[in-house]
Amino acid sequence: MAMKKKPSIFTYLFLICGCVLIIFPMYLAIITAFKPTEELTKSIFAFPSSFYLGNFREVIQKSGFLNSVVNTVFVTVVSCFGVILVVPLVSYAIARNMDKKRYYKYLYYFLLIGIFVPFQVKMMPLVQVMSNFNMLNVPGIAVVYVASAVCEGVFLYVAFIHGVPGELEESAYMDGAGTFFTYWKIIFPLLKPMTATVLIMDGLWFWNDFFLPLLALNKTPDNYTLTLFVYNFKSQTTVNYSLIFAGLLLAMLPIMVLYVFLQKQIMGGLVNGAVKG
């Protein structure tokens, strides 16, 4: 038997540096959130003398916090639902027809090009279109998120659907099932691993996005999401970092908990999808 090669010291050093780069900012965010302003000015890196909860209390009691939570939940849930409703359908049509009709192949390549277009290139035309259609509001930005997620979602789903045997659909058609029934009852359940992946990826994006809400929603406090709410803590003269990091932790907590549960789902889905027959 061949001996397994032991990792070198450089591998361990690289992993340690990676852990430090991830853990150290989280450490600063947590200790800052639990410090009063007076203690923060004395030492930024020192551990707090006590776990001060006043910052969290002040953030929650601030006018507009609960409204921003509701807006963020609405945008995330509605956008994720729209993505799961639209993207697998589009991907299924492309995957099963791109080898037969050129239109679907060209459509697939057109959507792939959208992945490589930076947001900075399309942000001004996008905001202009949103303004023309009166979409500079919470429901409007949810629609834009769904449209923006189509390109990368189709790329992932099409590759996954190509691995699903076509014989399953042929058997359903022979039994008299229609196209939509076959997709909904046979194909869509098999897409569970990819659906979980897309939900995690896009859910994190919708919840944590800052740039698009800043452009589309920053004029009206009633439309603030959590990222905008935390951003607007600052005034023209001072920045209360203790409140900002407390707000960041409150904004991060729900999506981190959701990520843990969805991560278990995606691992289970991958195992179930690998064992066939």
Kyte-Doolittle mean at least 0.0 and Cα axial length at least 15 Å: DSSP H helices in the chain: 9-33, 65-97, 102-115, 119-132, 138-161, 192-208, 241-274
D_trans [Stokes-Einstein, Kirkwood Rh over alpha-carbon pairs] for region 1-111, 25 °C, 0.890 mPa s, µm² s⁻¹: 121
Gain on full stretching of the segment that runs from residue 81 to residue 261 - 0.36 nm per residue minus C-alpha separation: 63.0 nm
Candidate aspartates and glutamates - alpha carbon under 19 Å from residue 100, same-chain residues fewer than 8 apart omitted: 167, 169, 170
Calculated FRET efficiency for the pair residue 252/residue 175, C-beta based, R₀ 45 Å, to 0.05: 0.40
Isotropically averaged projected area of region 135-252, using the convex hull of Cα atoms (one quarter of hull area), nm²: 9.8
Potential extension, residue 47-residue 110 segment - 0.36 nm per residue separation minus Cα distance: 17.5 nm
Debye log10 I(q)/I(0) at q = 0.13, 0.14, 0.16 Å⁻¹ for the chain, Cα point scatterers: -1.05, -1.13, -1.27
Solvent-accessible area per residue for region 155-197 (1.4 angstrom probe, square angstrom): 57
Spin-label pair residue 159/residue 100, simplified geometry with 7 Å Cα→Cβ offset, distance in nm: 2.5
222 nm mean residue ellipticity, helices alone, for the chain (DSSP H n ≥ 4; -39,500 (n - 2.57); rounded to 500): -23500 deg cm²/dmol
Options 147, 224, 242, ranked by Cα towards positive dipole end of region 131-270, top entry (Cβ charges): 242
P(r) weight above 20 Å for region 96-191, C-alpha pairs, percent: 55
Sulfur and carbon atoms: percent of accessible area, the chain [1.4 Å]: 70
10 Å Cβ shell holding at most 15 others, DSSP loop, chymotrypsin sites (Phe, Trp or Tyr not before Pro): longest site-free stretch of the chain: 134-209
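The values are calculated or read from the model by the stated rules, or taken from the named source; none is laboratory data. Note that the coordinates shown come from a computational prediction; the quantities given were computed from them, not determined experimentally. Positions of Cβ are generated from backbone atoms using ideal geometry, with glycine treated the same way; all protein chains shown enter the neighbour counts. For accessibility, only protein heavy atoms count, side chains too; no ligands or nucleic acids. Shrake-Rupley method; radii C 1.70, N 1.55, O 1.52, S 1.80 Å.
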